[in-house]
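Nothing in this text is a laboratory measurement; each read-out follows from the coordinates by a stated rule. Bear in mind that the values here come from a model prediction, so they are computed numbers and not experimental data. As a convention, Cβ positions derive from the backbone with ideal geometry for all residues, glycine included, and neighbour counts pool all protein chains shown.
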Amino acid sequence: MSRRVLLIEPNYRNKYPPLGLMKLATYFRTVCHDDIRFFKGKLKKLGAQLLTEKFFEADEEDLSLFRNYELEEPEKVFGRYAEILQEFIETGKYSCLEDVPHLRDSGFEDRLMHLRRRYKREDYPKFDIVCVNSLFTFFWAETIETINYAKKFLSKDGKIFVGGVSATLVPKDMRAEVGEGVHIHCGLLDKPNDLGKTDEVIIDTLPPDYSILEEIDYKYPAANSYFGYTTRGCIRNCEFCAVRTLEPVYKDYIDITEQLKQTEKQFGTKQFLLLMDNNVLASPKFNRIVEDLKSCGFGKGNSYTAANEYDIAVQNLCAGFNVRTYVKKIIRLYDELDKRLSYDEAAKFYRERESRDLLYAVGADRENILAMDEIARPLFDKHFKHGRRSHYIDFNQGLDARLMNEDNAAKLAELNIKPLRIAFDHYEQRDIYERAIRLAAKYGIRDMSNYVLYNFRDTPDELYLRLKLNIDLCEELNVSIYSFPMKYHPIRDPEYFRNRDYIGKHWNRKFIRAIQAIINATKGKIGRGRSFFDAAFGKTIDDFHDLLWMPEAMIIHRERYRENLAQEWRRLFHGLNEKELIELKSIVGLNKFGEKNISQAESENVRRVLEFYKIRRSN
């Protein structure tokens, strides 16, 4: 008998989809033939969605509460009002229902009121298995809240599993906050008996189910990508890194070829391949990995035809794969097509959809969509053109500069890499890092990126010098290097792992805020261009020091304050004597500028400078 399985990602903002849940979806749907649902967001919203579905597809228990329905197919009358009905279930506002005809005289108002009462007492439809993903520990509060609320969707004899980064790093702390009834899984899904199953399937080796990403409103920025691994783990054991805990065994080769072929066949061709390997250059089989990737179309000079979303959706409907999601997908595609049609085409297309009950997702069914294909397909072929594009590959976790050499740099250049990411964690490694950049440039790799760790054991000056080195290399080598400063966060420290409050030995809260203010305008990245760098971080170390201590509003609104208040702040700041400067920095370093903090300053000169810090960012 098919089980109901709910896969949940908490409502934090993240760039990459949950690969573990995507593989679980493949396992439960394809191996176990279970009914799968994926959700990301606030779980009360999921509860309302599920109860709204009950309005249209009430089970025997619900139907026994009501009698004498005049409508046997409520979806045909009320399907277009599904969002309004869900809004009422969530809010209880009767004004929502003013535009819904026939609700009262059909007898379905009683059913809606019943579902509203269920929503209020958090009596949601139940699942046999609930799996919750966890990401970084600084998302702790959101993750714990999600796990505990997810219990409301669990059937009496159901099981709830939690896995992922936080679950692996601090399982005891998690168990203390979610209770013994939650099964916490540490590490990868790389054993036959993971999650208590009895078959021999290794979940981690399964291809991801990309269809679940179509179920949610949240759009991952990296959605048009394959995700995978060609190696696992890392030979290093860096103090600031969690890889040795998450992936303790280094696996030097994983054949990704068949997985990519299966993904392309079922979900269409993706433009990007994001490899999540943590140290691919450590593999003695690196050359073989490159040849695999080239055979999959990611070599230099490749091209491909973009996936036809309509074809993919119809293909999966024909196969009976994730029918609920692809029915909704087709209705969305119909709506997009309608915007491109001429007046006559649109009128005819509308009538065809209406006659087959395909105007709205609620009430639309697989058979009618497939019957509509002979009409819809020529229109999609006419109005949606799919030209040739280039594939790009991204070793997303970065390459180890210490392992770069002539041979593997030349081999990397055979791939269409964009960008080549190299970590630059410590200023002491500048010679090693610079050598790696020069090797990449020598073999024709022009687009590069680097992760720049700060707030660990480095000083602010070392951050500045690493960023400036990239600017110098860009100019000399005529390459593009985008830097991504990444704030160190102690992932296991019991005082700090639940938040982002940790401050390194050589840093203070004001310095951290200054760096964040500088890079916020560029969405976290710093590109090539000396003029931009000089304006953002200063031409010299002394200019950079001024920015670190400068009021935040003046950093963010640099042009607004450049000619007046900023100059006055600099004059007063540099006019302080040594004792006054020590007092000022002791206050500013805390990055708290209430009246009490300012008035407690002993020096009148210090209080005058502190007045500038009262300027708000929005002023």
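The table for this structure:
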item: Shape parameters for the stretch 242-335, alpha-carbon atoms, Rg then Dmax in Å; result: 17.4, 51
item: Computed FRET value (nearest 0.05) for Tyr350 with Arg389, which takes r as the C-beta separation and R₀ as 22 Å; result: 0.10
item: Any cysteine of the chain lacking a neighbouring Cys Cβ under 4.7 Å - listed by number; result: Cys32, Cys96, Cys131, Cys186, Cys234, Cys296, Cys318, Cys474
item: Spatial separation of Cα centroids for the stretch 415-445 and the stretch 300-355, in angstrom; result: 43
item: Column: log10 I(q)/I(0), Debye, Cα scatterers of the stretch 309-385, q = 0.11, 0.12, 0.16 Å⁻¹; result: -0.23, -0.28, -0.50
item: Phe38 long-range amide H proximity, modeled H, under 5 Å; result: Leu7
item: DSSP beta bridges in the chain [antiparallel fraction, %, rounded to 5]; result: 10
item: Quarter of the Cα convex hull surface for the chain, i.e. its orientation-mean projected area (nm²); result: 33.6
item: Virtual paramagnetic centre 7 Å along Cα→Cβ of Arg446, amide N under 20 Å, in the stretch 275-315; result: 298-304
item: Sites Arg324 and Phe240 - FRET efficiency at Förster radius 35 Å, r taken between beta-carbons, to 0.05; result: 0.20
item: Helical contribution to [θ] at 222 nm, DSSP H n ≥ 4, -39,500 (n - 2.57), averaged over the chain, rounded to 500; result: -12500 deg cm²/dmol
item: Loop trypsin sites (Lys or Arg not before Pro), the stretch 300-347, which have at most 11 other Cβ atoms in a 10 Å radius of their Cβ (DSSP); result: Lys339
item: The stretch 550-614 pair-distance distribution - Cα-Cα, 10 Å bins, rounded %; result: 22, 55, 23, 0
item: Alpha-carbon Debye profile of the stretch 404-446, log10 I(q)/I(0) at 0.15, 0.25, 0.30 Å⁻¹; result: -0.34, -0.86, -1.10
item: Over the stretch 309-385, relative contact order from alpha-carbon pairs under 8 Å, at least 6 apart, %; result: 32
item: About the Cα centre, charge dipole magnitude for the stretch 138-256 (Lys/Arg +1, Asp/Glu -1 at Cβ), debye; result: 300
item: Approximate spin-label separation Lys251-Ile503, in nm, with each point projected 7 Å along Cα-to-Cβ; result: 4.3
item: Which of Ile369, Ile330, Phe380, positive extreme of dipole for the stretch 302-383 (C-beta unit charges); result: Ile330
item: Low-density loop positions, trypsin sites (Lys or Arg not before Pro), the stretch 482-585 - DSSP coil, at most 14 other Cβ in 10 Å; result: Arg492, Arg500, Lys505, Lys523, Lys525, Lys539, Arg562
item: Contact order relative to length of the chain, as percent, for alpha carbon pairs under 8 angstrom and 6 or more apart; result: 10
item: Within the stretch 4-205: Cβ-based charge dipole about Cα centre, in debye rounded to nearest 20 (Lys, Arg +1; Asp, Glu -1); result: 680
item: Nonlocal amide H pairs with Ala306, under 5 Å, H built at 1.01 Å; result: Gly387, Arg389
item: Highest to lowest packing among 588-595, 220-227, 271-278, 1-8, scored as the average C-beta count within 10 Å; result: 271-278, 1-8, 220-227, 588-595
item: Cα Rg over Rh - the stretch 524-576, Kirkwood; result: 0.98
item: Hull-based mean projected area of the stretch 326-437, where the convex hull spans the alpha carbons, in square nanometres; result: 11.6
item: Largest to smallest principal axis extent of the C-alpha atoms in the stretch 145-258, angstrom; result: 42, 36, 33
item: Gap separating the Cα centres of the stretch 361-403 and the stretch 461-489, nearest whole Å; result: 36
item: Gain upon complete extension [Ile582, Lys93; 0.36 nm per residue less C-alpha separation]; result: 170.2 nm
item: Per-residue HN-Hα couplings for the stretch 397-409 [Karplus 6.51, -1.76, 1.60; θ = phi - 60°; Hz; x = Gly/Pro]; result: 7, x, 9, 7, 4, 5, 9, 6, 8, 4, 5, 6, 5
item: P(r) weight above 21 Å for the stretch 4-205, C-alpha pairs, percent; result: 57
item: Stokes-Einstein diffusion coefficient of the stretch 256-297, Kirkwood radius over Cα pairs, 4 °C, 1.567 mPa s, in µm²/s; result: 114
item: Trypsin sites (Lys or Arg not before Pro) lying in DSSP loop within the stretch 85-194, provided at most 16 other Cβ fall within 10 Å; result: Lys93, Arg104, Arg121, Lys126
item: Cβ-derived FRET efficiency at R0 22 Å, Glu595 paired with Arg570, nearest 0.05; result: 0.35
item: Amide H within-cut-off set for Ser449, under 5 Å, with H built and near neighbours excluded; result: Leu420, Arg421, Ile422, Tyr482
item: Charge dipole (debye, nearest 20) of the chain; +1 at Cβ of Lys and Arg, -1 at Cβ of Asp and Glu; result: 1380
